[in-house]
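Here the structure is laid out as structure tokens; the discussion comes afterwards.
Each value in this text was obtained by applying a stated rule to the coordinates, not by laboratory testing. Remember, predicted model here, so these are calculated numbers, not experimental data. Don't worry about glycine lacking a Cβ; one is built from the backbone with ideal geometry, like all the others, and counts go over all protein chains shown.
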Amino acid sequence: DIVLTQSPDSLAVSLGERATINCKSSQNLLSNSNNKNYLTWFQQKPGQPPKLIFLWASTRESGVPDRFTGSGSGTDFTLTISSLQPEDVAVYYCHQHYSTPPTFGQGTKLEI
Amino acid sequence: EVQLVESGGGLVQPGGSLRLSCAATGFIFTDYWMHWVRQAPGKGLVWVSRIMGDASETTYAESVKGRFTISRDNAKNTLYLQMNSLTAEDTAVYYCAKGMTARLPDIWGQGTLVTVSS
């Protein structure tokens, strides 16, 4: 199974400041056939189900604010929030759909 | 709008069984893989199982293989998870999710809590 390791496990950032979450994969997630990274990011707010916010490592889903940026390729990925807002408090999970079984990182808890 | 509503969770004794259901609306149910993903209290997300649109293919996590059975009734737009031989380690919120692909659950229901305890 592919193991995804996120860092840090938790993060406290001031309002308006930058938050950076890392995700490292035990295997390459870049497909040679279509040059896409099979890495997604989910946001889970308290008491809610996970919400998909990034596809293919860097494609922002509709409705996701542009202060969110996904980047990286291969085995190293980053989710960046450029200016933290109160509504961004959540646990963020990276997820790989390169191989079966699909797996998730352990999550990063983002607080103010 | 895609909506997924899980039901069937509750308290069950170790060794017992439970069947979860997930009613789907807002999309062509038969066109999509469906997934079950679980989350133990205060823990992360763990993929459990998936089923192809026409139910011809199913896959399970090693931790539930032989104990859980995923199925679907396309006439009723409903997904199921039959869980047998339950242990405390199966205690979790169980989410059903529509599959954008065979390995990518993209839209999730609100979840149903399963508690295995004596």
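Brief remarks on what is shown
- Residues whose placed amide H lies under 5 Å from that of B:M100, excluding near-sequence neighbours: B:D106, B:I107
- Charged side chains reduced to their Cβ positions (Lys and Arg at +1, Asp and Glu at -1) give chain B a dipole of some 180 debye around its Cα centre.
- Shown in residue order for the range B:74-79 are the 3J(HN,Hα) couplings computed by the Karplus curve 6.51 cos²θ - 1.76 cosθ + 1.60 at θ = phi - 60°: 5, 6, 9, 6, 10, 9 Hz (x for Gly and Pro).
- Percent RCO, i.e. relative contact order, over chain A, from Cα pairs under 8 Å lying at least 6 residues apart: 38 percent
- Percent RCO, i.e. relative contact order, over chain B, from Cα pairs under 8 Å lying at least 6 residues apart: 36 percent
- Taking amide H positions as modeled 1.01 Å from N, with prolines and chain starts lacking one, the residues under 5 Å from A:L29 and 5 or more places away or on another chain are A:G74, A:T75.
- Taking 7 Å steps out from each Cα toward its Cβ at A:S82 and A:R60 produces label points 0.8 nm apart.
- Plainly put, chain A has a radius of gyration that is 0.95 times its Kirkwood radius, both from alpha-carbon atoms, as the Rg/Rh ratio.
- As a proxy for reagent exposure, ranking A:E17, A:E61 by other Cβ atoms within 10 Å from fewest up yields A:E17, A:E61.
- Every pair of different Cα atoms in the protein assembly as shown enters the Kirkwood calculation, which places the hydrodynamic radius at 18.1 Å.
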